[in-house]
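The values are calculated or read from the model by the stated rules, or taken from the named source; none is laboratory data. Note that the structure is a prediction, hence the values are computed from the model and not measured. A quick note on method: Cβ atoms are made from the backbone with ideal geometry, for glycine too, and the neighbour counts reach across all protein chains shown. Just so you know, the surface numbers come from the protein's heavy atoms only, side chains and all, with ligands and any DNA or RNA stripped out. Shrake-Rupley method; radii C 1.70, N 1.55, O 1.52, S 1.80 Å.
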Amino acid sequence: MRLSVIGAGPAYTDRPGAVGSSYLITAGPTAILLDLGQGTFANLAGTLEPSSLSAIAISHLHPDHFIDLVPLRHYLRYEFEPPRRLPVLAPAALPDRLDALLGEPGFSADALDVTALADGQVHEIGGLRLEARRVTHTADSYAFRVSVPAAAGETAAPGLVYSGDCGRAADLRSLIQPGDVLLAEVSFGLGPIPAGAFHLDAKDVGALAAQSGVRRVLLTHLLSGRDRPATEAATIKAGGGIPARLVDPGDRFELG
Ligand SMILES: [Zn+2]
Ligand SMILES: [Zn+2]
């Protein structure tokens, strides 16, 4: 299983070339995309042919996580004859949100087959398994664990847990299995987190890593102007030495 970082930015950025959230997980011919935030479609298309995705999972309906479904929909509709379609796992409101944005009923349904996410649901997608857990952020936000299911008699390989945007680290505990890689948002870096902002900081992520026995932490979604090396160091310190680093578009990780 391999992780390719397509986009790793937060809701806004002052770094040219930085884009919203998007992470590609592949295992053999199976390819699952987690989120498709602002500006990420071109990076995706430069990494693999987008209609070859097995599925897209959208963590929640903030634009830095889903808005490039608009160019993806146009691409599927007009790049191919006949048009192509893709399965999308997303909060139930996604089709209405896209249709309202475009002022065009049926805009989403023209190319996207949307299945509503639910807490605790497990989806078998090609050679991968995706589990969704609701987290504290918007009223309908999810974190995901992606793994290669174990064959009979074999021990399961470690998985990848992606936090989405998450205001309470404890929400992720039930998803994480010892040895997993944790891809966690660290929006507010060294903190503090302003009241009413449902996000994590380095202390939260490091403590979660230590409690849940992950083998490494990949940090993402850090707000503009925050100190990157200090955020990494604070996460490692709070995690009792578990390795942690910020990721950027173009990074690739073999997850075992
Ligand atoms: Zn976000
Ligand atoms: Zn958000």
Accessible surface, per residue, of the chain when the full set of protein chains is kept, probe 1.4 Å, Å²: 41 Å²
Calculate what fraction, in whole %, of the accessible area of the chain sits on carbon and sulfur atoms when a 1.4 Å probe is rolled over the protein chains. 53 percent
Out of all DSSP beta bridges with both ends in the chain, state the antiparallel percent to the nearest 5. 55 percent
Whole-Hz ³J(HN,Hα) for each residue in segment 48-62, computed from phi via Karplus 6.51 cos²θ - 1.76 cosθ + 1.60 with θ = phi - 60°, x for glycine and proline: what do you get? 8, 5, x, 6, 8, 4, 7, 6, 10, 10, 10, 6, 6, 9, 9
Given H placed on each backbone N at 1.01 Å, which residues far from residue 55 in sequence or on other chains put an amide H within less than 5 Å of it? 31, 33
Given the DSSP H assignment, sum -39500 (n - 2.57) over each helix run of at least 4 residues in the chain and divide by its residue total; what's the result at 222 nm in deg cm²/dmol, nearest 500? -5500 deg cm²/dmol
Length gained if residue 211 through residue 254 is fully extended, taking 0.36 nm per residue and subtracting the Cα-Cα distance, is 13.1 nm
What list of ³J(HN,Hα) values in whole Hz, one per residue of segment 65-72 in order, does the Karplus curve 6.51 cos²θ - 1.76 cosθ + 1.60 (θ = phi - 60°) give from phi, with Gly and Pro shown as x? 10, 9, 5, 7, 5, 5, x, 4
At 7 Å along Cα-to-Cβ for each site, give me the label-to-label distance between residue 156 and residue 228 in nm. 3.4 nm
Given 224-230, 96-102, 156-162, 133-139, the highest-first ranking by average Cβ count within 10 Å works out to 156-162, 133-139, 96-102, 224-230
Could you derive backbone 3J(HN,Hα) for segment 102-107 from the dihedral phi with the Karplus parameters 6.51, -1.76 and 1.60 (θ = phi - 60°), listing whole Hz in sequence and x where the residue is Gly or Pro? 8, x, 9, x, x, 4
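Taking every pair of distinct Cα atoms and averaging 1/r, then inverting, what Kirkwood hydrodynamic radius in Å comes out for segment 41-199? Mind showing how you got there, number by number?
Working: mean 1/r = 0.0587 Å⁻¹.
After inverting the pairwise mean of 1/r, the radius is 17.0 Å.
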List every residue whose amide H lies under 5 Å from the amide H of residue 125, counting only residues 5 or more places away in sequence or on a different chain, with H placed 1.01 Å from N in the peptide plane. 130
Just in segment 59-89: which chymotrypsin sites (Phe, Trp or Tyr not before Pro) are loop by DSSP and have at most 13 other Cβ atoms within 10 Å? 80
